[in-house]
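Student: Once you've had a glance at the structure underneath, I'll fire off some questions.
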Amino acid sequence: MRYALPPIPDPARGIAATPVAFIRAIVAAYRRYGADPADALARARIAPALLHDAQGRVTAAQMELMSAHAMQELDDEALGWFSRRLPWGSYGMLCRASITAPDLGVALKRWCRHHRLLTGDLLYGLDCDGSLATLALEERCELGELREFCLLTSLRYVLGYASWAVDSAIPLAQVNFPFPAPPHARVYELLFPGPVRFGAPQAAFSFDCAYLDLPLCRDEAALRAMLQRALPLTVLRYRRDRLLAQRLRQLLRAHPEEIASAELLAARLSMSARTLHRQLLEQGTSLQALKDELRCEHALHLLRRTQKPLKQIAQAVGFRNEKSFMRAFRGWTGMTPGMARASPAAINKQIPGGEQDSGN
């Protein structure tokens, strides 16, 4: 199957944010195979003189056209990175081998395992330590001048595929690269949704292990359609986060006093307050509903575990007076605080994991 893009009247139109250094890396692949990149540059409407401009930039469409043409013309989807070619369709095979996985964790393990069948020069590894999962790259050969582009693209390939497969952004706790910050380091902020560190021991990114449990929500038909234009997955960031509500609950539990507004919460999650509210609405909830859920949970625990008077419990969960608390509590649970305290079984049904809670 050949990579067929829809007609692009002028791929040079639009925001030019991709460093020309990435185009130079593709030209280096042509040089390695003794081929001429002139046709690929012309198709992408990239002037050869731009290759010598240290501050040069191209558009995403130009990068896509250049990459697609080079991969097919050189018959190497790795673009000269490894000791052997990865023929056209290799990464599509990785996607197909993972698409039937029951969840993201299994899909990523398959990706790591099957990539070894393509090459032993660069190995993927997935490790889950506590609440944090890390996908790392192990270099088994000298990558030379192609090292930055290889490691950057290899991480973006798997992150883009993973986000597409579960239809969700995957916020990153940390992104590491084992080389000094390049002149175009700021572009990494656009490619990876998390803090980037250069000069690390190896290329890797880390994220919440909870994302490994997300089920894949794509089928073979969706995969075929995606593979028609797979390369944008390496530059486009997903915005919708299927675990946003869960992440907000964690933040609210960890910082009940410090984080009181949508603006502060959104800043913690690297998004705008407007985006935060919109994504929660798409998931059928709201920030106020999440706050009320946690206040209710806190109140139920206090009623179950302590003999504090209702006035103190009301203050502990953010109410100025007992009357307001009682009215809200009845709306949350359908019973009064007194009824809840008198019926431990009713509280256990309201508290997540309450049946196993033996606290006094």
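The values are calculated or read from the model by the stated rules, or taken from the named source; none is laboratory data. Not measured: the values here are computed from a predicted model. As a convention, Cβ positions derive from the backbone with ideal geometry for all residues, glycine included, and neighbour counts pool all protein chains shown.
Student: Which numbered condition in (1) surrounded by fewer than 17 Cβ atoms within 10 Å (Cβ to Cβ); (2) in the same structural domain as Pro182 (by TED's automatic domain parsing); (3) without any contact (Cβ under 8 Å) to a residue 40 or more places away in the chain is the only one that Ala49 fails?
Tutor: Condition (2) is where Ala49 drops out.
Student: While we're here: For residues in the range 195-215 being in a loop (DSSP other than H, G, I, E, B) and buried (at least 18 other Cβ atoms within 10 Å of the Cβ), which is modelled with the highest pLDDT? Spell out the reasoning first.
Tutor: Of the residues in the range 195-215, the ones in a loop (DSSP other than H, G, I, E, B) are 195, 199-203, 214-215.
Imposing the further condition that a residue be buried (at least 18 other Cβ atoms within 10 Å of the Cβ) reduces the set to 203, 214.
On the way: Ala203: 98, Leu214: 92.
The selected residue is Ala203.
Student: If you don't mind, another one. Take the residues of the range 60-87 that are among the hydrophobic types (A, V, I, L, M, F, W, C) and part of a loop (DSSP other than H, G, I, E, B): which is nearest to the chain's Cα centre (by Cα)?
Tutor: Initially, the range 60-87 is screened for residues among the hydrophobic types (A, V, I, L, M, F, W, C), giving 60-61, 63, 65-66, 68, 70-71, 74, 78-79, 81-82, 86.
Restricting the remaining residues to those that are part of a loop (DSSP other than H, G, I, E, B) gives 74, 78-79, 81-82, 86.
Working: Leu74: 31, Ala78: 22, Leu79: 25, Trp81: 25, Phe82: 26, Leu86: 26 Å.
Looking at the filtered set, the residue picked out is Ala78.
Student: If you check Leu294, Leu276, Leu300, which single one turns out to be farther than 30 Å from Ser343 by Cβ, in contact with a helix residue (DSSP H, G or I) (Cβ under 6 Å, 6 or more places away or on another chain), not assigned by TED's automatic domain parsing to the domain that holds Ile170 and not in a loop (DSSP other than H, G, I, E, B)? It would help to see each step written out before you state the result.
Tutor: Numbers: Leu294 fails: farther than 30 Å from Ser343 by Cβ; Leu300 fails: farther than 30 Å from Ser343 by Cβ.
None of the other options fit; the residue is Leu276.
Student: Only residues that are surrounded by fewer than 18 Cβ atoms within 10 Å (Cβ to Cβ) and either among the hydroxyl-bearing types (Ser, Thr, Tyr) or over 28 Å from Ala54 (Cα atoms) (or both): list them for the range 143-173, please.
Tutor: Asp167, Ala173
Student: Separate question: Would you check which residues across the range 1-51 are at pLDDT below 75 and closer than 12 Å to Leu65 by Cβ and list them?
Tutor: Step one: filter the range 1-51 for residues at pLDDT below 75, giving 1-10.
Correct list: Tyr3, Ala4, Leu5, Pro6, Pro7, Ile8, Asp10.
Student: Provide a single number: the residues in the range 106-142 that are surrounded by fewer than 17 Cβ atoms within 10 Å (Cβ to Cβ), more than 30 Å from Ala21 (Cα to Cα) and in contact (Cβ under 8 Å) with a residue 40 or more places away in the chain.
Tutor: Of the residues in the range 106-142, 4 are surrounded by fewer than 17 Cβ atoms within 10 Å (Cβ to Cβ), more than 30 Å from Ala21 (Cα to Cα) and in contact (Cβ under 8 Å) with a residue 40 or more places away in the chain.
Student: Can you tell me how many residues in the range 52-63 are within 21 Å of Ala230 (Cβ to Cβ) and either surrounded by fewer than 23 Cβ atoms within 10 Å (Cβ to Cβ) or modelled with pLDDT of 95 or more (or both)? Working first, answer last.
Tutor: Just the residues of the range 52-63 that are within 21 Å of Ala230 (Cβ to Cβ), to begin with: 58-63.
From the residues that got through so far, the ones that are either surrounded by fewer than 23 Cβ atoms within 10 Å (Cβ to Cβ) or modelled with pLDDT of 95 or more (or both) too are 59-61.
Going through the range 52-63 one residue at a time, the tally reaches 3.
Student: Let me ask another. Inside the range 244-277, can you point out the residues that are among the small types (Gly, Ala, Ser), surrounded by 15 or more Cβ atoms within 10 Å (Cβ to Cβ) and modelled with pLDDT of 80 or more? Even if it seems obvious, please write down each step before you answer.
Tutor: First pass over the range 244-277, keeping only residues among the small types (Gly, Ala, Ser): 245, 254, 260-262, 266-267, 270, 272-273.
Within this subset, residues satisfying the condition of being surrounded by 15 or more Cβ atoms within 10 Å (Cβ to Cβ) are 245, 262, 266, 273.
Within the range 244-277, Ala262, Ala266, Ala273 meet the criteria.
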